[in-house]
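What follows is a single structure, written as structure tokens, with notes after it.
The values are calculated or read from the model by the stated rules, or taken from the named source; none is laboratory data. Computed from a predicted model, the values in this text were never measured in an experiment. Methodologically, a virtual Cβ is constructed for each residue, glycine included, from the backbone with ideal geometry; neighbour enumeration extends over all protein chains shown.
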Amino acid sequence: MSSAPNEETGEGARIGGISPDVRPLSEMLANDRYKGEDGGLYGQGRNAPPKEHLEAALREAKAIRPLDKNGDPSADGKIGFFSMGMSNTTQEFRMFLEVIRSVRLPPRLVVVDGAQNGQGAVPWATEPKIPNSGLMAWEELAKRLAANGVSPFQAQVVWLKLADGNPAKDGEFPGYARKFKECAIGILQKIKSRYPNVRLVYVSNRIYAGYATKLINPEPYAYEYAYAWRWIILDQIAGTPELNYDPAKGSVKAPLVLWGPDLWANGLTARKDGLCYARGDLGEDGTHPSVAGREKVAKLLLKFLQTDPTAKIWFVGE
């Protein structure tokens, strides 16, 4: 499971790992297979949502507008966009906040980092108190939004990046990933319940963890979480009631879910767009991003928000 320390680089013993021939989900084709799963972020080798889901997402995006503190349309209102997730997420999103300082954004858009250290999928789902603050992750999120002048009714878009610590305790793929899926569905439902005007949730997979020296979230788990997110999105596309976003189809349980930026690449093997991860892109534990790794993710997120047809409507103002 692990390799010996590298005396030349000073690296600690690596934990886990993934075959160098494994390709990113977004570069797998319909006929490709990874442990029985085909390729494409949306399945069948597709990296764009099916026509009906895209059209629904565009309708949701066009409905995003400045709202007052009670959720009513107002020219002086706000569009709240916030992150949710764990330590990696907050590190990357805080870098994103630095990157967008030089970017012209719609004047009513308020961007808030709601992701928190140590708050993986299980804490967001089960709501324990955070030892240092005595607050639940949801309470800390609400506190941060309020500090930025965003009411629960003004929050409208989320970037969600989640995983769980030590996934190996829950067995091999797909077992642990299916457990995570159920946990994540509950979180999506809580988002809609607590923030009823959230229309879009963009999800991202983890970055490469093949340099991991601790059990936090090594490969192949970091890679395999992408399949759990894909299962969720495909279930929503198929009309699963627990993920319904459309009031015309019944009780609304969750926001509409789409893929955000695809963040995984297999180490030094560059993707078609050039993304790769050198040892220096990860911190000492080989799991959390270094400053260089955070910059990579922040730039990928910015590019996505500026170019994705559903995102640029509210992020760019087109």
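Odds and ends about this structure:
- Residue within the range 145-159 that is modelled with pLDDT under 95 and surrounded by fewer than 19 Cβ atoms within 10 Å (Cβ to Cβ) present: no
- In the range 79-101 there is at least one residue that is aromatic (Phe, Trp, Tyr) and in contact with a Gly (Cβ under 6 Å, 6 or more places away or on another chain).
- Verdict on Tyr202 being buried (at least 20 other Cβ atoms within 10 Å of the Cβ), under 16 Å from the mean Cα position of the chain (by Cα), assigned to a helix (DSSP H, G or I) and among the aromatic types (Phe, Trp, Tyr): no
- Conditions (1) surrounded by fewer than 24 Cβ atoms within 10 Å (Cβ to Cβ); (2) in contact (Cβ under 8 Å) with a residue 60 or more places away in the chain; (3) touching a helix residue (DSSP H, G or I) at 6+ places or on another chain (Cβ under 9 Å): number failed by Pro220: (3)
- If you check Leu263, Leu282 for being closer than 18 Å to Asn47 by Cα, of a type in the set (A, V, I, L, M, F, W, C) and under 19 Å from the mean Cα position of the chain (by Cα), only one passes: Leu263.
- Of all residues assigned to the range 276-287, none qualifies as being under 23 Å from Arg59 (Cα atoms) and aromatic (Phe, Trp, Tyr).
- Qualifying residues in the range 260-288 (those that are small (Gly, Ala, Ser) and part of a loop (DSSP other than H, G, I, E, B)) - the one farthest from Tyr211 (Cα to Cα): Gly260
Condition check ((1) acidic (Asp, Glu); (2) more than 30 Å from Tyr34 (Cβ to Cβ)) across all residues:
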{"site": "Gln116", "(1), (2)": "no, yes"}
{"site": "Gly120", "(1), (2)": "no, no"}
{"site": "Lys129", "(1), (2)": "no, yes"}
{"site": "Leu141", "(1), (2)": "no, yes"}
{"site": "Ser151", "(1), (2)": "no, yes"}
{"site": "Trp159", "(1), (2)": "no, no"}
{"site": "Gly165", "(1), (2)": "no, no"}
{"site": "Ala168", "(1), (2)": "no, no"}
{"site": "Glu172", "(1), (2)": "yes, no"}
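- Failed condition for Ser74, given (1) free of Cβ contacts under 8 Å to residues at least 12 places away in the same chain; (2) in contact with a Gly (Cβ under 9 Å, 6 or more places away or on another chain): (2)
- Residue check, Ala238 in contact (Cβ under 8 Å) with a residue 24 or more places away in the chain and of a type in the set (A, V, I, L, M, F, W, C): no
- Test result for Leu215, touching a helix residue (DSSP H, G or I) at 6+ places or on another chain (Cβ under 7 Å) and among the aliphatic types (A, V, I, L, M): yes
- First in the range 181-204 and in contact (Cβ under 8 Å) with a residue 12 or more places away in the chain and more than 24 Å from Pro309 (Cβ to Cβ), second anywhere and among the polar types (S, T, N, Q) and surrounded by fewer than 20 Cβ atoms within 10 Å (Cβ to Cβ), Cβ under 9 Å, 6 or more apart: Cys183/Thr126; Ile185/Thr240; Gly186/Thr126
- Of the residues Lys312, Lys272, Lys299, the single one that is under 25 Å from Asp32 (Cβ atoms), of a type in the set (Lys, Arg) and touching a helix residue (DSSP H, G or I) at 6+ places or on another chain (Cβ under 8 Å) is Lys272.
- Some residue of the range 52-60 being over 22 Å from Leu305 (Cβ atoms), modelled with pLDDT of 95 or more and of a type in the set (A, V, I, L, M, F, W, C): no
- Checklist (1) more than 22 Å from Phe304 (Cα to Cα); (2) within 21 Å of the chain's Cα centre (by Cα); (3) not polar (S, T, N, Q) applied to Val112, failing item: (1)
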